[in-house]
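The values are calculated or read from the model by the stated rules, or taken from the named source; none is laboratory data. Since the structure is predicted, the reported quantities are computational estimates derived from the model, not experimental observations. Don't worry about glycine lacking a Cβ; one is built from the backbone with ideal geometry, like all the others, and counts go over all protein chains shown. The accessibility values were calculated without ligands, DNA or RNA, using every heavy atom of the protein model including side chains. Shrake-Rupley method; radii C 1.70, N 1.55, O 1.52, S 1.80 Å.
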Amino acid sequence: MAAPKTAGTAASIAARTATRRVMLAAFCLVPLAACQSSKPGPMAGGGDDAAWYIGTMPDKPFDVPLVDRSRIDPKYRRQEVAYAGPEAPGTIVVDIDKRQLALVQEGGTALQYGVGVGKAGFSWKGDARVGRKGVWPDWSPTTTMVSLNPSIERSRKGGIDNPLGARALYLYNGNRDTLFRIHGTNEPWSIGEQMSSGCVRMLNEDIVDLYERVPVGARVVVKRNGKYRV
């Protein structure tokens, strides 16, 4: 990982996050997306979101804001852990209850990341695969969302304020898009939490790391109460 940039970063992120607070306040009035949280962050209402960030990691077309991990519970920080599950190396295992995602590796280990999960994540069942991947992906509503709210915006370009964050893994069952995503977030305080809506969200720097390790076609399974959600 390249060394983080720090000069001018706080001011830059503060400006962007102030803009984001205004946008989120407006969009919380309508159901924006299955992967959008409507839960305001603890910094909303006069706080300083920039305090969550310590710099940026170079990326294209936008730099990735780096989170001050001392603010994150240690169990949700990226780390290598022992893993004794039956899944083959390369499998992504999402544990809904623990708010953790594990990428199974060789030798009885896994890379573990903290995640945030919404109601959509709690309803997720079955065995999926990564059908495609996106870099600073655009967001667009589902057909059902448009039918329920014809005035909803039809798309939002990728960027710092996009609810899908820096990367997204689109989950498929066979050739069918399940509409579930593993994606980045611009609300780092939501890691380890259950939001009012959403799929499975990760810190932007973590989803970038996972994205580089996981190929299209990788298996994804979900656990709840220690059992597969099938």
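Does region 88-125 hold any residues that are at pLDDT below 95 and among the acidic types (Asp, Glu), and which are they?
Within region 88-125, 95, 97 meet the criteria.
Output yes when any residue across region 196-212 is more than 24 Å from residue 85 (Cβ to Cβ) and either of a type in the set (Asp, Glu) or in a strand (DSSP E or B) (or both), and no when none is.
There is at least one residue in region 196-212 that is more than 24 Å from residue 85 (Cβ to Cβ) and either of a type in the set (Asp, Glu) or in a strand (DSSP E or B) (or both).
If we keep just the residues of region 134-151 that are open to solvent by 20 Å² or more (accessible area, probe 1.4 Å) and in a loop (DSSP other than H, G, I, E, B), which is modelled with the highest pLDDT?
Of everything passing the filter in region 134-151, 138 is modelled with the highest pLDDT.
What are the residues in region 187-200 that are out of contact with any Leu (no Cβ under 9 Å at 6 or more places or on another chain) and either buried (at least 24 other Cβ atoms within 10 Å of the Cβ) or without any contact (Cβ under 8 Å) to a residue 40 or more places away in the chain (or both), if any?
Selection gives 198 alone.
Given the criteria surrounded by fewer than 16 Cβ atoms within 10 Å (Cβ to Cβ) and within 18 Å of residue 221 (Cα to Cα), does residue 99 qualify?
No; evaluated as a whole, the condition is false for this residue.
Suppose we filter 107, 131, 90 for residues that are within 19 Å of residue 207 (Cα to Cα) and part of a loop (DSSP other than H, G, I, E, B); which single one remains?
Every option except 90 fails the conditions.
Quick check on region 181-230: of everything there that is among the aromatic types (Phe, Trp, Tyr) and at pLDDT 90 or above, which residue is farthest from residue 113 (Cα to Cα)?
189
Looking at region 70-91 only, could you name the residues that are touching a helix residue (DSSP H, G or I) at 6+ places or on another chain (Cβ under 9 Å) and among the charged types (D, E, K, R)?
71, 77, 78
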